[in-house]
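Undergrad: Could you have a look at this structure, given as structure tokens, before my questions?
The values are calculated or read from the model by the stated rules, or taken from the named source; none is laboratory data. Predicted model, so just to flag it, every value in this text is computed and none were measured. Here the Cβ is made from the backbone with ideal geometry for all residues, glycine too, and neighbour counts use every protein chain on show. Just the protein is used for accessible areas: all its heavy atoms, side chains included, with ligands, DNA and RNA removed. Shrake-Rupley method; radii C 1.70, N 1.55, O 1.52, S 1.80 Å.
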Amino acid sequence: MNNHFAPTLQYLYDDHWVLWYIKSNRYSIVDTKFKTSLDLYLQSENPQKFTSYLSTAYPDINGHEVCNQIFEYLKSSNEHVNDEIKSDLTKNDDLRIYKKCYRINEKSILLFSNSLALLNLIHPQLSSYEIAINLNSNVYFDILLIHDEIVLLKNNNCILKIPKHDIHILRGKIVMHIICEIHNHEEKDWLGTFHGTTISDGKSAILFVGQSGSGKTTISTILASCGFFMLADDVSPMLAKNSQIYFNPNGVSIKDTSSGLMKNFIKDYDKLPQVILNKSKGPIRYYKFNNPPESHYPCKSIVLVNYEIGTSTQLKKVGVDVILERLIPESWLSHNQNHAETFLKWLQTVNCYKLSYSDNDEMMKVVSKLFK
């Protein structure tokens, strides 16, 4: 069989395999049964011999159906991803209508835009760093809306061009490049950015992941108000060189539905300005905690958070497959093969948990023990 469809990397974690395909930069989580069938398919001379073997060895299995399923799986896993950005747009002073400037880690960052709505998508999470306009900034971005397309320039070079409806990609791209600037790295140096919140005790870090409303922001806010450090909220960047998570300057985003609880932990909470980035999620407030002592820490655990009223506090170990099913679809991971291998090896070193809770005091005790 032609093996150019075979996974580029494959790692076994307990009873599940994680496969990575270089053409698509896709991570696939499969059980050992499927992996056995996949290996047999790839080792067969042709689909007919694979089907014939299955029909003979397992009469109750529809060999043709299994063969077709594996073929479609491999086909979708090898769909080429085109990362090339084409745009001849360059600096245009007439489009620099709105301006904001920030000072982060001794770096001056200037944002220009022709759309107040686009600028307001970025500004609230950085507002605590705002300074007077400095036209001699270290780096400047142009965030432009042109004919239903969003174009992002960095120092006059186009780094993003997307349809207007993909606006969520813009926030992630700018955050990534601001992180690059304040930590003196290039985008190609990063292993990825995880959609999760990272808390540190000043020695190591824990990454909290979960769907919207799962309680991860509540956990991180309470912890950061009680002696721990907010390393990164929502976007947690990991450098490939050392597999450590780095500081993200964005303020923590707090939904209005959590305001009753947050007033107990954040001074002058009601004075924080409200913004609406997504009408379905309602108003959000951003709060900036003190920076951690160091800019990066090793991540020792990943915790899948599940808040549910009336649930007793329970922390249990889970497989990597449970974590990856939540982590991978919402994260950006480097297409570099060495970085993919580093990521999969790193997963072998971390502890994976699921935390179910409804009582914040009990939750604090459990998480504090994890750091120890």
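One line per residue, one yes/no per condition, for (1) out of contact with any Asp or Glu (no Cβ under 6 Å at 6 or more places or on another chain); (2) closer than 23 Å to Glu330 by Cβ; (3) not acidic (Asp, Glu):
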| site | (1), (2), (3) |
| --- | --- |
| Asn3 | yes, no, yes |
| Leu12 | yes, no, yes |
| Asp15 | yes, no, no |
| Tyr21 | yes, yes, yes |
| Arg26 | yes, yes, yes |
| Asp39 | yes, no, no |
| Ser52 | yes, no, yes |
| Pro59 | yes, no, yes |
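Undergrad: Would you please name the residue that is nearest to Lys345 (Cα to Cα), looking only at residues in the stretch 9-59 that are surrounded by fewer than 14 Cβ atoms within 10 Å (Cβ to Cβ) and of a type in the set (Val, Ile, Thr)?
TA: The extreme case among them is Thr32.
Undergrad: Here is a further query. Determine the pairs where a residue that is touching a residue at least 40 places away in the same chain (Cβ under 8 Å), located within the stretch 147-165, has a partner that is open to solvent by 10 Å² or more (accessible area, probe 1.4 Å) and hydroxyl-bearing (Ser, Thr, Tyr) with Cβ atoms under 7 Å apart, the partner being 6 or more residues away or on another chain.
TA: Matching pairs, first to second residue: Val151/Ser87; Asn156/Thr90; Cys158/Ser87; Lys161/Ser87.
Undergrad: Tally up the residues in the stretch 44-80 that are without any contact (Cβ under 8 Å) to a residue 40 or more places away in the chain and charged (D, E, K, R), please.
TA: Matching residues across the stretch 44-80 total 4.
Undergrad: Then there's this: In the stretch 275-317, how many are within 30 Å of Tyr11 (Cα to Cα) and either of a type outside the set (Lys, Arg) or in a loop (DSSP other than H, G, I, E, B) (or both)?
TA: Residues meeting the conditions: 12.
Condition check ((1) among the polar types (S, T, N, Q); (2) farther than 17 Å from Lys216 by Cβ; (3) modelled with pLDDT of 95 or more) across all residues:
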| residue | (1), (2), (3) |
| --- | --- |
| Glu294 | no, yes, yes |
| Leu304 | no, no, yes |
| Ile309 | no, no, no |
| Lys317 | no, yes, yes |
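Undergrad: Just need a number here: residues in the stretch 233-246 that are surrounded by 24 or more Cβ atoms within 10 Å (Cβ to Cβ) and more than 17 Å from Ser334 (Cβ to Cβ).
TA: Selection size over the stretch 233-246: 1.
Undergrad: To continue, here is another question. I need the full set of residues from the stretch 318-372 which are in a loop (DSSP other than H, G, I, E, B) and either free of Cβ contacts under 8 Å to residues at least 60 places away in the same chain or open to solvent by 30 Å² or more (accessible area, probe 1.4 Å) (or both), in order please.
TA: Val318, His335, Asn336, Gln348, Thr349, Val350, Ser358, Asp359, Lys372
Undergrad: Separate question: Identify, please: which residue in the stretch 173-223 is touching a Lys or Arg at 6+ places or on another chain (Cβ under 6 Å) and not in a helix (DSSP H, G or I) and is, among those, surrounded by the fewest Cβ atoms within 10 Å (Cβ to Cβ)?
TA: Per the criteria, the residue is Ser204.
Undergrad: Here's another thing I want to ask about it. Looking at (1) open to solvent by less than 20 Å² (accessible area, probe 1.4 Å); (2) over 19 Å from the mean Cα position of the chain (by Cα); (3) not hydrophobic (A, V, I, L, M, F, W, C), find the lone condition where Gln314 falls short.
TA: All conditions are met except number (1).
Undergrad: Could I ask something else about it? Of the residues Ser137, Ser108, Ser113, which single one is more than 30 Å from Trp20 (Cβ to Cβ), crowded, with 16+ Cβ neighbours inside 10 Å, at pLDDT below 95 and hydroxyl-bearing (Ser, Thr, Tyr)?
TA: Exactly one residue qualifies, and that residue is Ser137.
Undergrad: Just one of the numbered conditions (1) over 22 Å from Glu330 (Cα atoms); (2) open to solvent by 30 Å² or more (accessible area, probe 1.4 Å); (3) not in a helix (DSSP H, G or I) is not true of Tyr102; which one?
TA: The failed condition is (2).
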